[in-house]
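First up is the structure itself, then whatever we jot down about it.
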Amino acid sequence: MESIRSIYKIGKGPSSSHTMGPRKAAEIFLSRNPGASSFEVTLYGALAATGKGHLTDVAILDTLQPVAPTVILWQPETVLPFHTNGMKFRALGSNGAETASWTVYSVGGGDLLEEGQSREAGMSIYDMTRIKDIQKWCEETGRSYWEYVDQCEGSEIWDYLAEVWKVMKEAVERGLEAEGVLPGGLGVRRKAVSYYVHASGYNSSLKSRGLVYAYALAVSEENAAGGRIVTAPTCGSCGIVPAVLYHLHTSKDFSEKRILRALATAGLFGNVVKQNASVSGAEVGCQGEVGVACAMAAAAASQLFGGTPAQIEYSAEMGLEHHLGLTCDPVCGLVQIPCIERNAYAAARALDANLYAAISDGRHSVDFDRIVEVMKQTGHDIPSLYKETAQGGLAVIK
């Protein structure tokens, strides 16, 4: 299992699989073919179906067009067998003849794979890839999940997580200040500042819940506007972990060091899902994005409140279990409806999962790893029109 850095990527939205991945692919292809006279890029499947709404073409053209003329071809009806988010880059010479080509897939979270590659092809630094094994190690050694991350990643991971936390906080704070209508044509107005102002006037639990909504909306709206955010584990679900951690940091005065440990714990749970299933909405639906983010945030909250390894695992399990079957059908292919509200609800659910687990002894019937297996199978069974293709569900509302 690779570094949790792959879960926490810093970049610009609105989509990790449809914006960050294609931009990265274009940069790689350009570095290999700097002398091309022109480029041609063909987008397939879900990548083509919702690419315009996710600014896929903008990400690619911003990279290639300054160097040479670039044409983008859209083939949403053609799904390559390896993954639905396929793209083919072609470099052309002055006579129009192909000089190089590359087919690559954006598989979620900003990651790229070539046909036949597996996630194990990257550098593996974790020996254990299932939570039940890591939990057993924690209970036998008296250590916590974040200490396993520290053992496997080394001390340099804390500097990286400090930068991740900095970018998350900045996204919350920018989003709380921003107003106006989000780009894309749906006329969706930013709501974070309104929720923040209204929540601040409430008392006790209503205020707490309202502020969590506001923080999640702030980051999700920044993402929808193409702002700088952190995937956690994706752009479409990037508001959930920051909302929970920002709220607990500001309301409960948890130290930066404890927040970073919570980020490490959350990243570990997200990484296990990414290794054993998927965090790609185009592959398994929104359960792999918002569901996984909710699990990560729940684990982080439980870590902060002193949960046992069993309680932390239970929190994460509930966060994912109760999002099983969640479809990915954004209206007009934009990461706005229902994505933005969904982040706010999931952030609140994460805190509920933590509270529920904290009252328990941590024992329950279905463990986290089993839920990950079920999520993967459920994602396989969900029809493609509900997996980021903008062909079904909310996506076809006129």
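Each reported figure results from applying straightforward, stated rules to the coordinates on display, with no laboratory input. Model, not experiment: these values are computed from the prediction. As a convention, Cβ positions derive from the backbone with ideal geometry for all residues, glycine included, and neighbour counts pool all protein chains shown.
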Original post:
What is the gain in length, in nm to one decimal, between Lys257 and Asp127 on full extension, counting 0.36 nm per residue of separation less the C-alpha to C-alpha distance?
Top reply: 44.3 nm
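Would you work out if the stretch 84-204 is rounded, prolate or oblate? Take a ≥ b ≥ c from the square roots of the eigenvalues of the alpha-carbon gyration tensor; rounded if a/c is under 1.5, else prolate when a/b is larger than b/c, oblate otherwise.
Here the stretch 84-204 falls in the oblate category.
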Original post:
What is the gain in length, in nm to one decimal, between Ala178 and Ala100 on full extension, counting 0.36 nm per residue of separation less the C-alpha to C-alpha distance?
Top reply: 23.7 nm
Subject >> Net lengthening on full extension, Ser204/Thr78 (0.36 nm per residue, minus Cα-Cα) >> reply: 40.1 nm
Subject >> Integer Hz, Karplus 6.51/-1.76/1.60 couplings in order for the stretch 69-84, x for Gly and Pro >> reply: x, 10, 10, 10, 10, 10, 10, x, 7, 9, 10, 6, x, 6, 6, 6
Original post:
Say each of Asp62 and His364 gets a label point 7 Å from the Cα, pointing the same way as Cα to Cβ; how far apart are those two points in nm?
Top reply: 3.9
Original post:
Do any chymotrypsin sites (Phe, Trp or Tyr not before Pro) in the stretch 198-268 lie in a DSSP loop with no more than 14 other beta carbon atoms within 10 Å, and if so, which?
Top reply: Tyr202
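Could you give the longest part of the chain that holds none of the GluC sites (Glu not before Pro) found in DSSP loops with at most 16 neighbouring Cβ atoms within 10 Å? All intermediate terms of the calculation are to be shown ahead of the outcome.
On the way: sites that count: Glu77, Glu114, Glu115, Glu179.
So the longest stretch without any such site is 180-398.
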Original post:
Which option, [x] 1.48; [y] 0.95; [z] 0.98, is the value of Rg/Rh (Cα atoms, Kirkwood Rh) that was calculated from these coordinates?
Top reply: [z]
Subject >> Unmatched cysteines, the chain - criterion: no other Cβ of a Cys under 4.7 angstrom >> reply: Cys138, Cys152, Cys235, Cys238, Cys294, Cys332, Cys339
Subject >> Inter-centroid distance (Cα atoms) of the stretch 241-261 relative to the stretch 332-358, Å >> reply: 17
Subject >> In order through the stretch 60-67: 3J(HN,Hα) via Karplus (6.51 cos²θ - 1.76 cosθ + 1.60), integer Hz, x for Gly, Pro >> reply: 6, 5, 4, 8, 8, 4, x, 9
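So in the chain, what percent of DSSP beta bridges are antiparallel if you round to the nearest 5? Each step should come with its number before you reach the end.
On the way: 20 of 27 bridges.
Here the antiparallel bridges make up roughly 75 percent for the chain.
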Subject >> Check: the stretch 235-364 dipole with +1 on Lys, Arg Cβ and -1 on Asp, Glu Cβ, in debye >> reply: 320
Subject >> Whole-Hz ³J(HN,Hα) from phi, Karplus 6.51 cos²θ - 1.76 cosθ + 1.60, for the stretch 187-199, glycine and proline x >> reply: x, 7, 8, 5, 10, 4, 5, 5, 5, 5, 5, 5, 4
Original post:
One-quarter of the Cα convex hull surface for the stretch 292-353, in nm²?
Top reply: 4.0
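Please say if the stretch 112-270 is rounded, prolate or oblate, where rounded means a/c under 1.5 for a ≥ b ≥ c the square roots of the C-alpha gyration tensor eigenvalues, and otherwise the choice is prolate for a/b larger than b/c and oblate otherwise? Walk me through the intermediate numbers first.
Working: a/c = 2.58, a/b = 1.49, b/c = 1.73.
Judged from the Cα gyration tensor, the stretch 112-270 comes out oblate (a/c at least 1.5, b/c at or above a/b).
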Original post:
Which of the lysines could a cross-linker span from Lys191 if the Cα-Cα distance has to be under 17 Å and same-chain partners fewer than 8 positions apart are dropped?
Top reply: Lys207
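Just how large is the dipole of the stretch 212-287 about the Cα centre, in debye to the nearest 20, putting +1 at every Lys and Arg Cβ and -1 at every Asp and Glu Cβ? Spell out each step's value before the answer.
Working: 6 positive and 5 negative charges, 58 e Å.
Value, rounded to 20: 280 debye.
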